[in-house]
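Chemist: Questions regarding the structure given below will be posed in turn.
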Amino acid sequence: MALRAVTRADVTAACERLHALAGGAGIETIACDVSALAAEAAAVEALARLALVARREGCPLKMHRASPELRDLVEFCGLGGALGVRRDGRQAEVREEVLDVEERVDPDDLAT
């Protein structure tokens, strides 16, 4: 899959295409070629929307051929893990989410 533009119509069409590709197909990962995207907030928003659709389909989205500037912006926005990149350009490690974690505070334990 390739993403070349970030207009609302283009992103909506890409999300629909992603849903059609991943829906029930048993795909483990979606690779998205982002070499044509500029490092701008609209591109990060589009990638975040695509990553959300992919995650709902059960297959993570991974950026491929991203410019160093786009990778840096994705990391700066805190989406490096969601989009499978780190600042050095390598793929981020996959971690399991911790479910049902409760945090308790002891009222007798005063912070110092």
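Quick grid of which residues meet (1) assigned to a loop (DSSP other than H, G, I, E, B); (2) hydroxyl-bearing (Ser, Thr, Tyr); (3) within 24 Å of Ile27 (Cα to Cα); (4) open to solvent by 40 Å² or more (accessible area, probe 1.4 Å):
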{"site": "Ala38", "(1), (2), (3), (4)": "yes, no, no, yes"}
{"site": "Arg49", "(1), (2), (3), (4)": "no, no, yes, yes"}
{"site": "Leu52", "(1), (2), (3), (4)": "no, no, yes, yes"}
{"site": "Gly58", "(1), (2), (3), (4)": "yes, no, yes, yes"}
{"site": "Lys62", "(1), (2), (3), (4)": "no, no, yes, no"}
{"site": "Asp72", "(1), (2), (3), (4)": "no, no, no, yes"}
{"site": "Ala82", "(1), (2), (3), (4)": "no, no, yes, yes"}
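Chemist: Could you give me the residue pairs with C-beta distances under 6 Å whose first residue belongs to segment 56-78 and is under 15 Å from Glu40 (Cβ atoms), whose second residue is among the aliphatic types (A, V, I, L, M) and open to solvent by 60 Å² or more (accessible area, probe 1.4 Å) wherever it lies, and which are 6+ apart or on separate chains?
Modeler: Sorted first by the residue in segment 56-78, then by its partner, the list stays empty.
Chemist: Can I ask one more? How many residues are modelled with pLDDT under 85 and either over 23 Å from Phe76 (Cα atoms) or of a type in the set (S, T, N, Q) (or both) if we restrict to segment 18-56?
Modeler: The number of residues fulfilling the criteria is 12.
Chemist: To continue, here is another question. Output the qualifying pairs, or none if there are none: Cβ atoms under 7 angstrom, residues six or more apart or on different chains, first residue in segment 30-50 and of a type in the set (Ser, Thr, Tyr), second residue exposed (fewer than 14 other Cβ atoms within 10 Å of the Cβ).
Modeler: Note: pairs meeting the criteria are Ser35/Arg65.
The values are calculated or read from the model by the stated rules, or taken from the named source; none is laboratory data. No experiment lies behind these values; they were computed from the predicted model shown. In this analysis, Cβ positions are derived from the backbone assuming ideal geometry, glycine residues included, and neighbour counts consider all displayed protein chains. Note: areas computed on protein heavy atoms with side chains; ligands, DNA, RNA excluded. Shrake-Rupley method; radii C 1.70, N 1.55, O 1.52, S 1.80 Å.
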